[in-house]
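The values are calculated or read from the model by the stated rules, or taken from the named source; none is laboratory data. As the structure is a prediction and not an experimental result, all values here were calculated from the model. In this analysis, Cβ positions are derived from the backbone assuming ideal geometry, glycine residues included, and neighbour counts consider all displayed protein chains. These accessible areas exclude ligands, DNA and RNA; they are computed on the full protein's heavy atoms, side chains included. Shrake-Rupley method; radii C 1.70, N 1.55, O 1.52, S 1.80 Å.
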Amino acid sequence: MFQNNCYNPCKLFNFAILSNIMAKLFSVGFWAAIARIILVNRTAVLIIVALITGGLATQFKHMRFTYTEANLLPDDHKVNITYNNFLDKFGEEGNLVVIAVQDSSFFTPQKFNAWNRLSKELATDKNIDLVVGVGNIQKLTRNNKKGAFDLQPLVQDTVTTQHQLDNIKKDLYYNLPFYNHFLYNADSNTFRTVIYINKKIVNTPIRKELIENFLIPKIKAFENANHLDVRVSGMPYIRTLNSKTIISEIAYFILAALVVTGLIFFLFFRSFRATAISLLTVIIGVMWTFGFLGWLGYEITVLTAIIPPLIIVIGIPNCIFLINKYQSEVKIHGNQAKSLQRVITKVGNATLMTNLTTAAGFATFILTKSDLLSEFGTVASLSIISIFILSLLIIPTIYSFMPLPKEKHLKHLNTKWIDNFVTWMENAVKNKKIAIYSISLLALIISLIGVFQIKVTGSLIEDMPKNTEFFRDIRFFEKEFDGIMPVEFVIDTKRKKGVMKLATLKRINKLEEAINDIPELSKPISVASLVKYAKQAYYNGNPKYYQLPTSQEKTFILSYAKKATGNINFMKSFVDSTGRYARISTFMKDIPTHRMEIIENQLQQKISKIFPKDRYNVSITGKALVFQKGTKYLRDNLFLSLGLAIVIISLFMAYMFRSVKMIVVSLIPNLLPLVITAGLMGYLGIPIKPSTILVFSIAFGISVDDTIHFLAKYRQELQANKWHVRKSVFKALRETGVSMFYTSIVLFFGFSVFTISSFGGTVALGGLVSATLLFAMLANLLLLPSLLLSLENTIANKKVLKKPRIQIIEDDTENETAIK
């Protein structure tokens, strides 16, 4: 009873405390005190920034690049549990590297022997468990004396004559169906060698060293010596080269972002000093980002790799607001101390709010259960708040040590084309509101039509750089061997040694046949395939006996297998140690998510018919399926994240303006650009996938900043002009329009930097965010003022616009804080 009575008051008390903290955080007095502390202790401020930067720099050594695929699912998701159970029983599945040549003259002694020598050289490394190729195929033969099977090499030694090689080719093509479409494709004269990497090193840095320092040099040397084009693929190889591309692009992006944003900044301000200070600020911000990654122990992934250039792009607008305000104040009264104090007090709290809303857009990713997105959201939101703090500390402090800006540095404040742009906006809002509404409505309708054309997709390789050699090799193996992405089927017989029951083998064989009928999946291999091969070997290699044994044959054929010479246990990879679980392994082409779902449903229907549920449990898993399920899970969570971002930012604005109607008006110019971008995606054939869904949360969190600046200034002008709406709207537009235009242009070109990436997802992210921010700028400069004018009787009164809890832009009549 006591707890029930205490609950609501406690809750209200906590909210009251939070409300008071927020009110004080954004109060004029608080920021005046902050300004005094910063400027009076300016040397100490710079020393503290340097010490923190140095401390975070020591964390660089803890940064590491990811050596595993991005797991988009939470650990407790049933798909992850199924996959981990598979790994516990059969070990890592993605440990195959495959090499292949396509040559009609492959079966000549020179080329055939050279290919075999390459296989032998690759097998010498201690981190390679096994190499299986056409030249070192182990042929299963019957040994009557021992009552066991032997493994005999198909090629005994170096081939010296063409006649000898022709016999080998005949034997391979006609007598060994087990290897067809596994090691060779007779139709296209393509020959493959499979390299089994030690499973223990697949997810470690050793894998990278093996691929880059051993496999690739050996293969290149072979190509140069024999003039053959060797195709290379497999998940370890793909992951290594993909990571290498990510690493190379980080520095490229940072440099490009610095150059682009620095150049635009200089074109606006015409000041090397202002440009240098701004670039120094964002460079320190990037160092802090890398420090956070090392300190938190997060891996650098394709997502976290874009945060450093992102911080540059987001940080430069902070610098624009602060420096533009400083120069404007200097031009008005020429007092440096007063100018710097006003920069912090007047721009500081507004910039804090805009950075908080941007950080909130990223922070919503933390609430997803995906480690990949959660880490991205954590580092991005921390970095955004950090770049705000750095801007506020560094820019006023450095300017306090410098002389006042010269007249030439202030000329940009009177640039004629900027004045013409603001005048054009005023005229459009004043005289062409109907045209603005009509264009907005037409854009909305056309965009909604495009939205219904958007496709949802997601695959393991679709965003990988398509202009690279390893991507072209992926397509080659898809064409010749039907894919390289593993898919696994696990059959639980619910009893020990249940796999080797003939009834179970027949059911596994039927499922293999069903898999083989699906063109997107490769030829499967399982214990049933091996038993069929064992029967063929028992009948002296006659290919017509490549089939499951009868109940009478099964007993003595399997007894031969158990007594195989040389401790050969060729079934251990496909049956667990208890004999209860079996696996069927296949590979999948790169296909869209919806097609994968169709295939999965087809297979589940087949499985339910072949395996009675009371006697068997059959699960489908593998990296390809886990990623596909992860994509769907991520898509749903990102939509939730976008909705949450809208709600959180709406609550921010409700807390600021205390007006529901104002919230609705402010959301319209920010949601319309999102709909337009979604429509463009539909018309341009850009699908919904993890990389493109990110666009909406990021763009919304950034674009709402302009709305906050404009509405805060508008509310201030309403009070100053005795609730005269038209005068307040146009004065707010003229006051904030230039900075909104500057920052939007920087953001547009800054995010455009990502379009130079070789990763399709990063290109889409950069292009779509840039487009969305451009639409948002136009909406905030034209549509938002028009709505305020049209709804002046509804929202421009004291009852609707109550005194805000947060005074973002204080009145100019406020007393200034003296700074000595």
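Which is farthest toward the positive dipole end of the chain among F489, I219, F700, measuring Cα position about the Cα centre, with Cβ charges +1 (Lys, Arg) and -1 (Asp, Glu)?
The residue sitting farthest along the positive end of the dipole is F489.
How big is the charge dipole of the chain about its Cα centre, in debye rounded to the nearest 20, if each Lys and Arg gets +1 on its Cβ and each Asp and Glu gets -1 on its Cβ?
So the magnitude is around 1300 debye.
Accessible area of H163, 1.4 Å probe, to the nearest 10 Å²?
Number for this one is 130 Å².
What do you get for the angle between helix 623-657 and the principal long axis of the chain? Use alpha-carbon atoms, 0 to 90 degrees, nearest ten.
10
With 30 Å as the limit, write out which pairs from K169/K218; K479/K632; K145/K494; K346/K416 have Cα-Cα distances beyond it, or answer none.
The answer is K145/K494.
Expressed as a whole percentage, what fraction of the accessible surface of region 233-275 belongs to carbon and sulfur atoms when a 1.4 Å probe is rolled over the protein heavy atoms?
That fraction is 76 percent.
Per the 1.4 Å probe, what fraction of the accessible area of region 55-212, in percent, lies on carbon and sulfur atoms?
49
What does the net charge come to around F476 if you take all other residues with beta carbon closer than 11 Å to its beta carbon, with K and R at +1 and D and E at -1?
After counting each charged neighbour, the total is 0.
Enter the Cα centre distance for the pair region 474-508 and region 259-284, rounded to the nearest angstrom.
Centre-to-centre distance over Cα atoms comes out at 59 Å.
Under 5 Å between amide H atoms, partner at least 5 residues away or on a different chain: which partners does R64 have, H built in plane at 1.01 Å?
Distant-sequence amide H within range of R64: I300.
Which angle from 0 to 90°, rounded to the nearest 10, does the C-alpha axis of helix 725-752 make with the longest principal axis of the chain?
On a 0 to 90 degree scale, this one is about 30.
With the dipole of region 364-458 worked out from charges on the C-beta (+1 for Lys and Arg, -1 for Asp and Glu) around the Cα centre, which of S386, N431, F401 lies farthest toward the positive end?
Farthest towards the positive end: N431.
So what are the ³J(HN,Hα) numbers for region 157-163, from phi and the Karplus equation (6.51, -1.76, 1.60; θ = phi - 60°), rounded to whole Hz, Gly and Pro as x?
Listing the rounded values in order: 7, 4, 7, 10, 10, 5, 4 Hz.
So, how do all the Cα-to-Cα distances of the chain break down into 20 Å bins, in percent, from 0 on up?
Whole-percent P(r) values from 0 Å outward: 14, 38, 27, 16, 5, 0.
Please give the Cα centre distance for region 523-554 versus region 199-233, rounded to the nearest Å.
Using only Cα atoms, the two centres lie 35 Å from each other.
Between Y683 and T160, 0.36 nm times their residue separation minus their Cα-Cα distance comes to what?
That works out to 182.2 nm of additional length.
Considering only protein heavy atoms, what is the solvent-accessible area of W424 at a probe of 1.4 Å, reported in Å² to the nearest 10?
130
From the backbone phi of region 119-129, what are the Karplus-calculated ³J(HN,Hα) couplings (6.51 cos²θ - 1.76 cosθ + 1.60, θ = phi - 60°) in whole Hz, Gly and Pro given as x?
4, 5, 5, 5, 6, 6, 6, 5, 8, 10, 7
How much accessible surface does D636 have with a 1.4 Å probe, in Å² rounded to 10?
Surface accessible to solvent at D636 totals approximately 80 Å².
What is the list of residues in region 659-684 whose amide nitrogen lies under 17 Å from a point 7 angstrom out from the Cα of Q453, following Cα to Cβ?
Of the residues in region 659-684, 675-684 have backbone N under 17 Å from the label point off Q453.
Take the Cβ-Cβ distance between F30 and Q604 as r, set R0 to 56 Å, and report the resulting FRET efficiency rounded to the nearest 0.05.
Taking R0 as 56 Å, the efficiency between F30 and Q604 is 0.40.
Given a 1.4 Å probe and every protein chain left where it sits, what share in percent of the accessible area of region 340-463 is carbon and sulfur?
Accessible surface attributable to carbon and sulfur in region 340-463 totals 66 percent.
Give the long-range amide H neighbours of G483: residues separated by 5 or more places, or on another chain, with amide H under 5 Å away, using H modelled in the peptide plane at 1.01 Å from N.
The answer is E478.
Give me a comma-separated list of calculated 3J(HN,Hα) values for region 337-353, in order, Karplus coefficients 6.51, -1.76, 1.60 applied at θ = phi - 60°, integers in Hz, x for any Gly or Pro.
Per-residue couplings from phi come out as 4, 5, 5, 5, 5, 5, 4, 6, 6, 8, 9, x, 6, 5, 5, 4, 4 Hz.
Just by accessible area at a 1.4 angstrom probe, what is the order of W115, W295 from largest to smallest?
Putting W115, W295 in descending order of accessible area: W295, W115.
Averaged per residue, what accessible surface does the chain expose to a 1.4 Å probe, in Å²?
In whole numbers, the chain has 43 Å² accessible per residue.
State the answer as a single residue: which of H333, A360, A350 lies farthest towards the positive end of the charge dipole of region 330-473, with beta carbon charges of +1 for Lys and Arg and -1 for Asp and Glu, about the Cα centre.
My answer, from the dipole projection, is H333.
Which angle between 0 and 90 degrees, to the nearest 10, do you get for helix 78-90 versus the longest principal axis of the chain when only C-alpha atoms count?
Approximately 40 degrees, to the nearest 10.
Take the alpha-carbon centre of region 72-90, take the same for region 588-634, and report the distance between them in whole Å.
14
Within region 431-496, which trypsin sites (Lys or Arg not before Pro) sit in a loop by DSSP and count at most 13 neighbouring Cβ atoms inside 10 Å?
Within region 431-496, the qualifying trypsin sites (Lys or Arg not before Pro) (loop, at most 13 other Cβ atoms within 10 Å) are K494, R495, K496.
Stretched out fully, how many nm does the piece from T423 to L640 gain, at 0.36 nm a residue minus the Cα gap?
Computed gain between T423 and L640 is 74.1 nm.
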